[in-house]
Amino acid sequence: MTTIPDVAPTTTYDIPAIMAGLYGDGIIGLKGAFPREWVAQLGTELPRLYDAALARPGGAVGRGTNRHYVEIHPEDISGFLDLVTHPWVTTVCESVLGPDYKIVEIGFDVPNPGAKDQPWHRDFRAGSETLVDRRLNSLAFNVTTVDVEPDMGPFEIAPGTQWDDPSEYDHGMFPPVSLFPRYQALAQRKLPSMGDISVRSALTIHRGTANVSSKPRPVLVLGVDAPGAGHDEFHDLQFTRAYYERLPEDVRKHLICRVVDELEPIMQGHTIEGLMMGDA
């Protein structure tokens, strides 16, 4: 796989802007973070993993009509280490989640042709850290494997809604239809290109839109927690002992995982209340 070029030690990112973006809109991005060749390699790996997951009971979780999520093993893809050591990724994690942030999940979403609009939602319930303390304790990074076009079911987000009161939400995640006009008025559709990366609070109200094209829109997902956030309970991050021991210590200290002799099939534990998403 194409490796990421070395980044000069003087490379820095605007930490106040990172904080303002995630505490304000709830989403930020970096254009051209990875070479297109790197993304193209990822784009050859995910379809094989998708086919294998669909063939395995419990391997893929429905997120709506013609739409699935698949949790994977980091060593299933050749660019895991490049991703988690990218200086923008590490800077964002340290700035928002603290120096002891923990990687808890890696997987991918696939909105296929015929995928319909999802209901507006959060990916999990907001805890007191956010509702009372006004602190973000979890982030989701996204890397598209394709140049997203308007007909491919772009991701849509309602900026600033990570702070919304969920007391009327079904399952603490799905706002009532009466609130949809608010989110529609705020909505921004994202059209990233190969090489771009974004990060968001998964509490910011969002949805996948209808894919009326003839092409799928796979996107890699990396989930990262502040210490104690607890989302590792919904995931099963695994490494073989040989792979884990080759990872730099600076990476290993940020993992909540199992180290195993042989990788085990992942039974996805976080369904995002799949029934509310409709037929997969």
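Before moving on, here are some points about what is shown:
- The residues on offer are PHE180, PHE174, and the sole one that is closer than 23 Å to ALA210 by Cα and touching a helix residue (DSSP H, G or I) at 6+ places or on another chain (Cβ under 6 Å) is PHE174.
- Looking only at residues in region 38-93 that are more than 22 Å from ARG241 (Cα to Cα) and of a type in the set (Ser, Thr, Tyr), the one that is surrounded by the fewest Cβ atoms within 10 Å (Cβ to Cβ) is THR44.
- Hits in region 227-243 (condition: in contact (Cβ under 8 Å) with a residue 24 or more places away in the chain, within 29 Å of PRO111 (Cβ to Cβ) and not polar (S, T, N, Q)): ALA229, HIS231, ASP232, GLU233, PHE234, HIS235, ASP236, LEU237, PHE239
- Those residues of region 16-26 which are open to solvent by less than 20 Å² (accessible area, probe 1.4 Å) and touching a residue at least 40 places away in the same chain (Cβ under 8 Å), in sequence order: ILE18, LEU22, GLY26
- Odd one out for GLU249, checked against (1) touching a residue at least 12 places away in the same chain (Cβ under 8 Å); (2) within 20 Å of PRO87 (Cβ to Cβ): (1)
Every residue, every condition in (1) at positive phi; (2) open to solvent by 30 Å² or more (accessible area, probe 1.4 Å); (3) modelled with pLDDT under 95; (4) touching a strand residue (DSSP E or B) at 6+ places or on another chain (Cβ under 7 Å), yes or no:
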| position | (1), (2), (3), (4) |
| --- | --- |
| ASP109 | no, yes, no, yes |
| VAL146 | no, yes, no, no |
| PRO150 | no, yes, no, no |
| PRO154 | no, no, no, yes |
| ILE157 | no, no, no, yes |
| THR161 | no, no, no, no |
| TYR169 | no, no, no, no |
| PRO192 | no, yes, no, yes |
| THR209 | no, no, no, yes |
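- Test: LEU49 is farther than 21 Å from HIS231 by Cβ and at pLDDT 95 or above: yes
- Test: LEU97 is touching a residue at least 24 places away in the same chain (Cβ under 8 Å), hydrophobic (A, V, I, L, M, F, W, C), closer than 15 Å to TYR23 by Cα and open to solvent by 20 Å² or more (accessible area, probe 1.4 Å): no
The values are calculated or read from the model by the stated rules, or taken from the named source; none is laboratory data. All values reported here derive from a predicted model rather than from experimental measurement. Every residue, glycine among them, receives a Cβ derived from its backbone with ideal geometry; neighbour counts consider all protein chains shown. SASA here: full protein model, heavy atoms, side chains in, ligands and nucleic acids out. Shrake-Rupley method; radii C 1.70, N 1.55, O 1.52, S 1.80 Å.
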